[in-house]
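**Student:** First, the structure itself, so that you have it in front of you.
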Amino acid sequence: MSVQADMPVMRRSSRLSRTMLPYLLSLPALLVCIGILIPFGTAVYYSLQRYRMSQPWNRGMNWGENYLNFFTDPDFWNTLQVSLTYAGLTVVLELLLGLGIALLLQKRSRVNNFVSIMLLMPLMTAPALAALMFKLMTNSNFGILSYFMQLAGFQDFRWASSPDTALLTVILVDVWVYTPFIMILLLAGLRSLPTQPFEAAALDGVPRLEQFWRITLPMLSPYILTAALFRLLDSIQQFDIIYAMTQGGPGDKLMVFQVEAYLNFFQSTNVGRSAALLMILWAITYVLSNIFVKNWLRLRERARGEA
Amino acid sequence: MDHMSPLERILRAVALALVVLFFMFPIFWIVLMSLQTNETILRSPPSMAFVPTFKNYAAIIAGRLDSNVASMSIQFMGNLMNSVILSVGSVALALVLGVPAAYAFARHKFKGSEDIAFTLLSFRFAPPLLVLLPLTLYFQSLGLANTYVGLIWVYQLICLPLILWIVRGYFEDISPDIEHAYRIAGHGWFATFRKIALPLAGPGIAAAGLLAFIFAWNNFVFALVLASADKQPVTVGALAFVTASGIQYGQIAAAIVMSIAPTLLLALWAQKYLVEGLSLGAVKG
Amino acid sequence: MSDGLLTLQGINKIYNETSRHPVQAVSDLNLTVAAGEIVALLGSSGCGKTSTLRMIAGFEAVTSGEVLIKGRPVHGLHPAKRNVAMAFEGYSLYPPLSVAENIAFALKSERLDKAEIKAKVTEIAHLLEISDILERSPGSISGGQQQRVSLARALIRKADLHLLDEPMGQLEPQLRALLRGRIKHFIKQRGLTAILVTHDQTEANALADRIAVMEGGFLQQYDTPEHLKDRPANLFTGTFIGEPPMNVFPVQAEVADDLIKLHLEEGVSLSFPAGAFSPRLKDRLLLEKQFMMGVRPHAVKITETGQPAEVFANQWLGDQTHIAAYFAGQTIVSVRHDRARHAPGQNIGIELDAGDLHLFHSDTGAAFSHGGGVE
Amino acid sequence: MSRIEIRNLVKSFKEDAVLSGIDLDVPQGSTLVLFGPSGAGKTVLLRCIAGAIEPDSGDVLLGGASVSDVLPEHRGIGMAFQNFALFPHMSAYDNIASPLTARKKTGDQIRKGVEAVARLLKIDHVLDHTPKALSNGQKQRTALARALVSEPKVLLLDDPLRNVDAKLRFEMRLELPRLLSDQGATVIYVTQDYREAMALGDRIAVLDGGHIIQNGTPEEIYRKPATINIAKLFGDPTINLLDVIPVSDASGVHAMLSDRRIQLDPGLAGYAGKECVLGLRPEALSFTDASDGVPVTIEAETPFNEKSVTLVTTLRKREILLSRPSGTPAPESGTVHITIDPSDAVLFDRETGLRIDPNGSNQAAERAA
């Protein structure tokens, strides 16, 4: 009896071809990585240069000068402050609002499902277009929000055109667009919590407030942290809403990092400063995203019951 | 069982109504506006009583904007077409490239896979301008500036990571035993991928594709930096249109409605997939 | 019998009642549990036992019927107000709290001082062998340990009724045997009333005073463990209770003055002296043309002179041997307590005693005779 | 030529060694049961044989040839998974047919093959259902049918009866040996149920902590367990384990229980005076009228379906369980005497937990030392 008779196709394959397969499959991802890394490297290079497109003759390495200049540059500090304020306020507001709405919608019912579908709509609206919508709504001639403000007694409430209320206006747009995102995450989190602990608590007569603080909130905390970091990373880089609304104005009231860098690049053609600004922003997001990835990995392990 | 007190029930209903009002009102109002003429829009106090008109939409579709003073030609329909080409093209390319890679990440813990994954993830959060600004210079020298191909290529920065992360999550949810069973039954890896992994991850791939489409559609900054007027999608086009059309508020509203309608309708149509994809995209990556 | 601690009157539970595919989980269930009694709801998954438990706890509303605890209808009453404690089957622990906190959390509504709580937790932890994990978090302990913590959380409470949902399903066999005895002792000593949901008949036998066998949403039999074994009310309980399951054959009777013949399939017939069956059963057999005959595997005797059968499996399990043979067109299983060496392919004789036969109506499945008498 | 050999197989995940040097030899046409607690590495070993997992080192030989560089689809193995691993988007028919389609059979051959195996396993009426619409028992049979349909010479069955109800599990346990011997396949069968292991295995390999701690016939495992742990894993109720110190004198070797002598094998003389554990199977103990039996007090009696279990205590309050077939007479209470056949007593070294072999050389103990 031969081996082939019993084992019809014992075809052998080389170990090499098996180990290469995953690399081949992930080649596109690798290419994208490289596609990002090359411009990134270029940006690092630019940020170390004295480089204005309008003055090509004056181009040259100036090493850390662009960065050092920031220390004495009030515009930079303004940018940092505006960006952090914007990010902080939007995240806190959206988190509180999102959590509240998620709790409201936690129970599966026809009404709740309908509402959560409706809430998808702002999230699916392009932020730049959302900004335009609010621009129309806050128009001093016919804007409905301006009209409401009049009714409320604010005669000349100028929304994004006034330095006092510009930040509030863009935050309002951000809250409108992105609260549903947090809501969806937290709702998914809430609904994925096991029901039995809550049944046990109900049966044992544990007060609802105590249930919320000692059980619900701690169990939800990984989701909350994830949602908050996600939003924080996006929000600190906000461009679309602010650019579409005021292009950073009035004055420098809304000069967040990316808007400032964009205008530096295209209007004052100061490539070096623009790149340095973006590097600072990248450093901030890198630290934040590191925290995020660590949390995310832990969360994933917990979700799979490994922790 | 429901054990809610009547007071709680009422408070919840009121809160829910306020939530719906806040989030739905802007869309509702902009749609109303798009159906009015400038005269009714500018009335004070604003009123719901008006005869709806489709003139604004007609003007945009026809590409001619007639005002009291003069008439000008606009190309908003061109922007719409650009949006379609860019979004569909980007998603298609991202799916072709991303799904096999997602499978590799999910099934093979190979050397360097975590590094690639981490790099992609950390760049998911890098400032887009950081990559875009140097790219404008490269694109000019490569001849990709202001081409669909160039833009679709850059759009992979949004679409590919999204698809990778979401689809990978779905692949990971398929029990490896099911694939092992198919292999042991005598099928090669590609047959297993095609006949088992792909169909079972189908909903996930659909969700990721839809989300990628919406994100591509809603993207603003890429085209703002890299495209000139004839290649711009609606997000950038609408901004230019606001400036160009002056005080034709009805037309502006109509243009916005036409720009957001595709994603909103898609969201309504596929809301289950989207919610799943969004949550998975966040929780699993 | 409405003076029990718990009374279920005509309970029906229909899920998705208004939808196109309503599912009736429980049908017309009547059950009374006396104070101090341990009752097991026994059945396979989907038999309605868990739905019943959840209706008693108040997590599910009854579709119709009445649940009475201490004679008081509890319809619409919040679970917390029913004074019921429950041990859950799955992962019901509070993940953010330690094991000790989990157990003590159940005492929130009892308002005890700290020392008293600690003493109680220590005692119950000792009983359930979880003293060494009190400070751990639920995520870091095994499924079996989690289940014992859940059990501790239920047993520590003072409640009118303790509901235990598959309380030992995840435990290792040895621990299970040990804890069964302890838990029963604990419940009896304190005079608690408990309802146990299980799919494991050994567990039901070991713990319960009475067992309610459920299937397809219907209560099949509610009786003591001994009666379930010796006097199954119908074909379902007959084949469900007992390991290995009862052998069942379709039979036709031929009644003569001095001899009763039971004709099985493939020409096999069993003869019994008329005296082996009671006169009333003989009369009944004259009426019942066709019926089902059940015999438990340990009552199946293998002799040289019995009816012919061919062995196809002989499985020795250490303390007993299971012999399976073709007999009368189907499989008959005999349990021997020695190491019988009947090899596959061997021909043997099967002998059955009249006193070991259970007879069931072939349409309804209802039992009408056990061991030669009439029900 | 479908013997399965495993040579010094090692597999670890990250830092944890799951299998540390497994050697096994399953002769053609026989059934080996892999038995062990969950997490013992049984499933990992099966996957290494199937090729779903690559071992760190060591070799798997099928029919005498190493398969370490043969892809799983080319190993010609049939495998049934504990969780069934049915393809959820395919009908039962397509599930079962998948090994045949892979072998490029014609439509007619496939139909005949699937229908034959489906009839054999009594699932021919549900072939067009998807797995979702099947009961657990039907899923299990579908998974088994898929493993059997291509008539593989090597069958790996990973606890296939675990997720089915007791009645079906019993029926399948009776029917499986016939099915497997009809196929003439070499089988490795994984289970956690000792009854299944004893009923189905020509040999049983007990796996724990990444090692095979005993490999023997069911009889050897049950009567001569290599360790206390194995003794505890087989048998219900579990074996009685009593701390004893054997005594050797002119009348032989014995252990003391309730001040009475329990005669032990004379070969155990070398262990006199040492701390040992005496293992007594509950069913090997019986009540006796003779007054030279061990006096005990009856504490409780638990009737099970086919047997009754009695808890008794010795004079020193040591607990012992006796089991006997239901319906056999037994004293009900008070002080009675029990007796045991010396050949049914096993002695373990208390320190190492290893069984002491009365026939002189104690290989297990030596190896551990």
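The values are calculated or read from the model by the stated rules, or taken from the named source; none is laboratory data. What you see is a predicted model; the values in this text were computed from it and never measured. All Cβ positions, glycine included, derive from the backbone under ideal geometry; neighbour counts span all protein chains shown. For the accessible areas, the whole protein counts, side chains as well, though only heavy atoms, and no ligand, DNA or RNA atoms are used. Shrake-Rupley method; radii C 1.70, N 1.55, O 1.52, S 1.80 Å.
**Student:** Restricting the search to the range D:178-187, which residues are surrounded by fewer than 21 Cβ atoms within 10 Å (Cβ to Cβ) and on the phi < 0 side of the Ramachandran plot?
**Tutor:** Taking the range D:178-187 as the starting set, the residues that turn out to be surrounded by fewer than 21 Cβ atoms within 10 Å (Cβ to Cβ) are D:178-184.
Answer for the range D:178-187, where residues must be surrounded by fewer than 21 Cβ atoms within 10 Å (Cβ to Cβ) and on the phi < 0 side of the Ramachandran plot: D:178, D:179, D:180, D:181, D:182, D:183.
**Student:** Still on this structure: Consider residue B:186 carefully, then state whether it is of a type in the set (Gly, Ala, Ser) and in a helix (DSSP H, G or I). Steps first, answer last, please.
**Tutor:** Working: of a type in the set (Gly, Ala, Ser): yes; in a helix (DSSP H, G or I): no.
Judged against the criteria, residue B:186 is not a match.
**Student:** For the condition open to solvent by 10 Å² or more (accessible area, probe 1.4 Å) and in contact (Cβ under 8 Å) with a residue 40 or more places away in the chain, what is the one hit in A:109, A:161, A:140? Give the derivation first.
**Tutor:** Working: A:109 fails: in contact (Cβ under 8 Å) with a residue 40 or more places away in the chain; A:140 fails: in contact (Cβ under 8 Å) with a residue 40 or more places away in the chain.
None of the others qualify; the one that does is A:161.
**Student:** Within 30 Å of residue A:221 (Cβ to Cβ) and either not basic (Lys, Arg) or not assigned by TED's automatic domain parsing to the domain that holds residue C:25 (or both) - does that describe any residue in the range C:65-78?
**Tutor:** yes
**Student:** Which residues, taken from the range D:303-344, are open to solvent by less than 50 Å² (accessible area, probe 1.4 Å), polar (S, T, N, Q) and not in a loop (DSSP other than H, G, I, E, B)?
**Tutor:** D:308, D:310, D:313, D:323
**Student:** When you go through D:113, D:76, D:107 one by one, which is the residue that is open to solvent by 20 Å² or more (accessible area, probe 1.4 Å) and closer than 26 Å to residue D:161 by Cβ?
**Tutor:** D:113
**Student:** For the list (1) among the acidic types (Asp, Glu); (2) under 20 Å from residue C:297 (Cβ atoms); (3) assigned to a loop (DSSP other than H, G, I, E, B), I need the number of the one condition that residue C:226 fails.
**Tutor:** Looking at each condition in turn, residue C:226 falls short on (3).
**Student:** Restricting attention to the range B:111-123, and to residues there that are hydrophobic (A, V, I, L, M, F, W, C) and within 8 Å of chain A (Cβ to nearest Cβ), which single residue is surrounded by the most Cβ atoms within 10 Å (Cβ to Cβ)?
**Tutor:** Filtering the range B:111-123 for residues hydrophobic (A, V, I, L, M, F, W, C) gives B:116-118, B:120-121, B:123.
From what's left, within 8 Å of chain A (Cβ to nearest Cβ): B:116, B:118, B:120-121, B:123.
Working: B:116: 20, B:118: 14, B:120: 21, B:121: 17, B:123: 24.
Applying the filter and picking the extreme gives B:123.
**Student:** Quick one: would you say residue D:352 is in a loop (DSSP other than H, G, I, E, B), within 23 Å of the chain's Cα centre (by Cα) and in the same structural domain as residue D:252 (by TED's automatic domain parsing)?
**Tutor:** Working: in a loop (DSSP other than H, G, I, E, B): yes; within 23 Å of the chain's Cα centre (by Cα): yes; in the same structural domain as residue D:252 (by TED's automatic domain parsing): yes.
Yes; evaluated as a whole, the condition is true for this residue.
**Student:** For the range B:18-33, which positions are among the β-branched types (Val, Ile, Thr) and within 7 Å of another protein chain (Cβ to nearest Cβ)?
**Tutor:** So the first thing to find is which residues in the range B:18-33 are among the β-branched types (Val, Ile, Thr), and the list is B:19-20, B:27, B:30-31.
Within the range B:18-33, B:19, B:20, B:27, B:30 qualify.
**Student:** Please determine whether any residue of the range C:92-101 is on the phi > 0 side of the Ramachandran plot, out of contact with any Leu (no Cβ under 6 Å at 6 or more places or on another chain) and not in a helix (DSSP H, G or I).
**Tutor:** Keep residues of the range C:92-101 that are on the phi > 0 side of the Ramachandran plot, which gives none.
No, there is no match, as no residue in the range C:92-101 is on the phi > 0 side of the Ramachandran plot, out of contact with any Leu (no Cβ under 6 Å at 6 or more places or on another chain) and not in a helix (DSSP H, G or I).
**Student:** Can you pull out the residues in the range C:153-185 that are open to solvent by 10 Å² or more (accessible area, probe 1.4 Å) and either modelled with pLDDT of 95 or more or of a type in the set (Lys, Arg) (or both)?
**Tutor:** Within the range C:153-185, C:157, C:158, C:176, C:180, C:182, C:184 meet the criteria.
**Student:** Applying the selection to the range D:224-236, what residues are within 11 Å of another protein chain (Cβ to nearest Cβ), open to solvent by 20 Å² or more (accessible area, probe 1.4 Å) and in a loop (DSSP other than H, G, I, E, B)?
**Tutor:** Passing the criteria: only D:236.
**Student:** From the set of residues in the range D:188-206 that are surrounded by 24 or more Cβ atoms within 10 Å (Cβ to Cβ) and assigned to a strand (DSSP E or B), which is modelled with the lowest pLDDT?
**Tutor:** Selected residue: D:191.
**Student:** Something else: Of all residues in the range A:95-106 being away from chain B (no Cβ under 12 Å) and in contact (Cβ under 8 Å) with a residue 24 or more places away in the chain, which is nearest to residue A:186 (Cα to Cα)? Talk me through it step by step, then tell me what you get.
**Tutor:** Quick first cut of the range A:95-106, residues away from chain B (no Cβ under 12 Å) only: A:95-96, A:99.
Cutting the leftovers down to in contact (Cβ under 8 Å) with a residue 24 or more places away in the chain gives us A:95, A:99.
On the way: A:95: 9, A:99: 6 Å.
Result: A:99.
**Student:** Oh, and also: Specify the residue that is surrounded by the fewest Cβ atoms within 10 Å (Cβ to Cβ); the eligible residues are those in the range D:155-170 that are over 18 Å from the mean Cα position of the chain (by Cα) and part of a helix (DSSP H, G or I).
**Tutor:** Top of the filtered list is D:167.
**Student:** Looking at the range B:124-140, can you tell me whether even one residue there is open to solvent by less than 50 Å² (accessible area, probe 1.4 Å), at pLDDT 90 or above and of a type in the set (Ser, Thr, Tyr)?
**Tutor:** So far as the range B:124-140 goes, no, none of its residues is open to solvent by less than 50 Å² (accessible area, probe 1.4 Å), at pLDDT 90 or above and of a type in the set (Ser, Thr, Tyr).
**Student:** So, one more: Take the residues in the range D:288-318 that are more than 27 Å from the chain's Cα centre (by Cα) and within 11 Å of chain C (Cβ to nearest Cβ), then tell me which one is farthest from residue C:296 (Cα to Cα). First the steps, then the outcome.
**Tutor:** Filtering the range D:288-318 for residues more than 27 Å from the chain's Cα centre (by Cα) gives D:288-301, D:312-318.
Going one step further and asking which of them are within 11 Å of chain C (Cβ to nearest Cβ), we end up with D:299-300.
On the way: D:299: 29, D:300: 26 Å.
It comes out as D:299.
**Student:** How many residues does the range B:246-258 hold that are open to solvent by less than 10 Å² (accessible area, probe 1.4 Å) and either touching a residue at least 60 places away in the same chain (Cβ under 8 Å) or in contact with a strand residue (DSSP E or B) (Cβ under 7 Å, 6 or more places away or on another chain) (or both)? Give the steps one after another, and end with the answer.
**Tutor:** So the first thing to find is which residues in the range B:246-258 are open to solvent by less than 10 Å² (accessible area, probe 1.4 Å), and the list is B:250, B:252-256.
Of the ones still in play, those that are also either touching a residue at least 60 places away in the same chain (Cβ under 8 Å) or in contact with a strand residue (DSSP E or B) (Cβ under 7 Å, 6 or more places away or on another chain) (or both) are B:250, B:253-256.
So the count comes out to 5.
**Student:** Can you name the residue in the range A:218-234 that is open to solvent by 40 Å² or more (accessible area, probe 1.4 Å) and facing chain C (nearest Cβ under 10 Å) and, of all such residues, is farthest from residue C:97 (Cα to Cα)?
**Tutor:** Among residues in the range A:218-234 that are open to solvent by 40 Å² or more (accessible area, probe 1.4 Å) and facing chain C (nearest Cβ under 10 Å), the one farthest from residue C:97 (Cα to Cα) is A:221.
**Student:** Oh, and also: Name, by its number, the condition in (1) closer than 22 Å to residue C:198 by Cα; (2) in a helix (DSSP H, G or I); (3) small (Gly, Ala, Ser) that does not hold for residue C:119.
**Tutor:** All conditions are met except number (1).
**Student:** Sticking with this one: Within the range A:53-68, which residues are more than 15 Å from residue A:264 (Cα to Cα), open to solvent by less than 80 Å² (accessible area, probe 1.4 Å) and part of a helix (DSSP H, G or I)? Before the answer, list the steps.
**Tutor:** Step one: filter the range A:53-68 for residues more than 15 Å from residue A:264 (Cα to Cα), giving A:56-65, A:68.
Cutting the leftovers down to open to solvent by less than 80 Å² (accessible area, probe 1.4 Å) gives us A:58, A:60-62, A:64.
Scanning the range A:53-68 gives a single hit, A:58.
**Student:** Counting only residues that are among the small types (Gly, Ala, Ser) and surrounded by 13 or more Cβ atoms within 10 Å (Cβ to Cβ), how many does the range B:8-52 have?
**Tutor:** So in the range B:8-52, the residues among the small types (Gly, Ala, Ser) come out as B:13, B:15, B:17, B:34, B:44, B:47, B:49.
If we keep only those that are surrounded by 13 or more Cβ atoms within 10 Å (Cβ to Cβ) too, we end up with B:15, B:34.
Within the range B:8-52, residues that are among the small types (Gly, Ala, Ser) and surrounded by 13 or more Cβ atoms within 10 Å (Cβ to Cβ) number 2.
**Student:** Taking the options C:158, C:184, C:108, name whichever one is within 14 Å of chain A (Cβ to nearest Cβ) and in contact (Cβ under 8 Å) with a residue 24 or more places away in the chain. Before the answer, list the steps.
**Tutor:** Values: C:184 fails: within 14 Å of chain A (Cβ to nearest Cβ); C:108 fails: in contact (Cβ under 8 Å) with a residue 24 or more places away in the chain.
Result: C:158 is the single residue among C:158, C:184, C:108 that is within 14 Å of chain A (Cβ to nearest Cβ) and in contact (Cβ under 8 Å) with a residue 24 or more places away in the chain.
**Student:** Yes or no: the range C:191-205 includes at least one residue that is within 10 Å of another protein chain (Cβ to nearest Cβ) and in a strand (DSSP E or B). Break it down into steps so the answer makes sense when it comes.
**Tutor:** Start the filter on the range C:191-205 by keeping residues that are within 10 Å of another protein chain (Cβ to nearest Cβ), which leaves C:199-202, C:205.
Filter again for in a strand (DSSP E or B), leaving none.
No - not one qualifying residue is present in the range C:191-205.
**Student:** Please work out which residue is surrounded by the most Cβ atoms within 10 Å (Cβ to Cβ), limiting yourself to the range C:55-78 and to residues that are among the charged types (D, E, K, R) and farther than 21 Å from residue A:199 by Cβ. Working first, answer last.
**Tutor:** The initial filter retains those residues of the range C:55-78 that are among the charged types (D, E, K, R), namely C:60, C:66, C:70, C:72.
Now drop any that are not farther than 21 Å from residue A:199 by Cβ, which leaves C:66, C:70, C:72.
On the way: C:66: 13, C:70: 15, C:72: 11.
Top of the filtered list is C:70.
**Student:** Name, by its number, the condition in (1) part of a loop (DSSP other than H, G, I, E, B); (2) in contact with a His (Cβ under 7 Å, 6 or more places away or on another chain) that does not hold for residue D:55.
**Tutor:** (2)
**Student:** Turning to a different aspect of this structure: Could you go through the range A:85-98 and let me know if any residue there is of a type in the set (A, V, I, L, M) and open to solvent by less than 30 Å² (accessible area, probe 1.4 Å).
**Tutor:** The first filter runs over the range A:85-98 and keeps only residues of a type in the set (A, V, I, L, M), leaving A:87, A:89, A:91-93, A:95-97.
Okay, now just the ones that are also open to solvent by less than 30 Å² (accessible area, probe 1.4 Å), so A:87, A:91.
The answer is yes, given that some residue of the range A:85-98 is of a type in the set (A, V, I, L, M) and open to solvent by less than 30 Å² (accessible area, probe 1.4 Å).
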